[in-house]
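Note sheet for the following structure.
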Amino acid sequence: MDDILINKNQTVKRCLERINEEYQGDPKNLENYTKQDSITLNIQRLSEAVIDIAMHIVAEKDLGVPQNMIQKMVENN
């Protein structure tokens, strides 16, 4: 695995950890706007990292240009 994939994978792991720290499996934590903001921000960061991973793989394998984000993710599964 190259450095880009390693770094993005670490970003995904960190985001998941932060989401779990704030949510703690309790829907009541979503009533706290600070926790809600943190969870939302980390979901956004996680999504961006996954898209970056997909685009990197598409570019490395010369698979062409995906027409949308869903195609980016589906092509890599």
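I'd like the residue in region 57-77 that is surrounded by 14 or more Cβ atoms within 10 Å (Cβ to Cβ) and closer than 17 Å to M1 by Cα and, out of all such residues, is modelled with the lowest pLDDT.
For region 57-77, the residue satisfying everything is N76.
Condition check ((1) aliphatic (A, V, I, L, M); (2) out of contact with any Cys (no Cβ under 6 Å at 6 or more places or on another chain); (3) in a helix (DSSP H, G or I); (4) modelled with pLDDT of 95 or more) across all residues:
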position	(1), (2), (3), (4)
L5	yes, yes, yes, yes
T40	no, yes, yes, yes
R45	no, no, yes, yes
M55	yes, yes, yes, no
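Identify the residue in region 1-45 that is more than 30 Å from I57 (Cα to Cα) and in contact with a helix residue (DSSP H, G or I) (Cβ under 8 Å, 6 or more places away or on another chain) and, among all such residues, is surrounded by the most Cβ atoms within 10 Å (Cβ to Cβ).
E22
The values are calculated or read from the model by the stated rules, or taken from the named source; none is laboratory data. All of these numbers come straight from a predicted model, not from anything done at the bench. Backbone-built Cβ (ideal geometry, glycine too); neighbour counts: all protein chains shown.
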